[in-house]
1. For residues in the range 1-16 being modelled with pLDDT of 85 or more and open to solvent by 20 Å² or more (accessible area, probe 1.4 Å), which is farthest from the chain's Cα centre (by Cα)?
2. If I ask for residues that are open to solvent by 20 Å² or more (accessible area, probe 1.4 Å) and part of a strand (DSSP E or B), which ones from the range 118-132 would you list?
3. Only one of Phe38, Phe45 is at pLDDT below 90 and among the aromatic types (Phe, Trp, Tyr). Can you tell me which?
4. Checking the condition within 15 Å of the chain's Cα centre (by Cα) and modelled with pLDDT of 85 or more, which residue from Val119, Val135, Val141 passes?
5. Starting from the range 52-73, take each residue that is touching a residue at least 60 places away in the same chain (Cβ under 8 Å) and closer than 19 Å to Val27 by Cα and list its partners that are part of a strand (DSSP E or B) and aliphatic (A, V, I, L, M), counting only C-beta distances under 7 angstrom and pairs at least six apart or across chains.
6. Can you confirm whether Gly67 is over 17 Å from Val119 (Cβ atoms), modelled with pLDDT of 85 or more, assigned to a loop (DSSP other than H, G, I, E, B) and out of contact with any helix residue (DSSP H, G or I) (no Cβ under 6 Å at 6 or more places or on another chain)?
Amino acid sequence: ESWAAGGADGERLLYNAGKGGTTALWVLSLKDKKAAPFDAVQSPFATLTGAVFSPDGRWVAYASREGRTSSAVYVQPFPPNGAKYQISKNADDGHHPMWSPDGAELIFVPGPGAPLNAVRITTQPNFTFSEATPVPRSFQVLAPSYERPYDLSRDGQRILGLIDAATTQAGAPVAPQIQVVLNWFEELKQKVPTGTK
């Protein structure tokens, strides 16, 4: 099992439960200590979903293969009502979704060695999202990993990322390091003006 972030009220946890080569997404209510599958979300090959609640706790973003050869990033309302939105493109191997602190953007890795992508999200009056835009950063996520190898600062202005220790420069191993990207949100706003759908 792998545990994921709780909802806005801190009363729920998302987690992955693996059985027989399949991973299913579950929700645990901390209040009544009951667990239930999240809308029958499953992924083969014991692939983790990386599920996360939106900051307001009303949406869940996750990655799943769901009958595909590669992973895709989806968003569903919480609690689920049958609506499901595929955020990453079919050609992507989308994984590691993460919400911005204000819930207005969803960031994900579109594939091994690819830059992060950001999608503007609008939930009212209807759920809509923009085309993905590459996020400026100086590190690459080389391959899918069990844990999300990047995070945002609380103000959403800095991306922190881990670099694969196997990365080499001119044939020499590079020591692991943390790189901080400043003002990435301002650069992203210049590339995708507010209101773009």
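1. Arg12
2. Arg120, Thr122, Thr128, Phe129
3. Residue meeting the stated conditions: Phe45.
4. That would be Val119, the only listed residue that is within 15 Å of the chain's Cα centre (by Cα) and modelled with pLDDT of 85 or more.
5. Trp59/Val75
6. Here the answer is no, as Gly67 does not meet what is asked.
The values are calculated or read from the model by the stated rules, or taken from the named source; none is laboratory data. Keep in mind the model is a prediction, meaning the values are calculated, not measured. No Cβ is skipped: glycine too gets one built from the backbone with ideal geometry, and neighbour counts run over all protein chains shown. Side chains included, ligands, DNA and RNA excluded: accessible areas come from the protein's heavy atoms. Shrake-Rupley method; radii C 1.70, N 1.55, O 1.52, S 1.80 Å.
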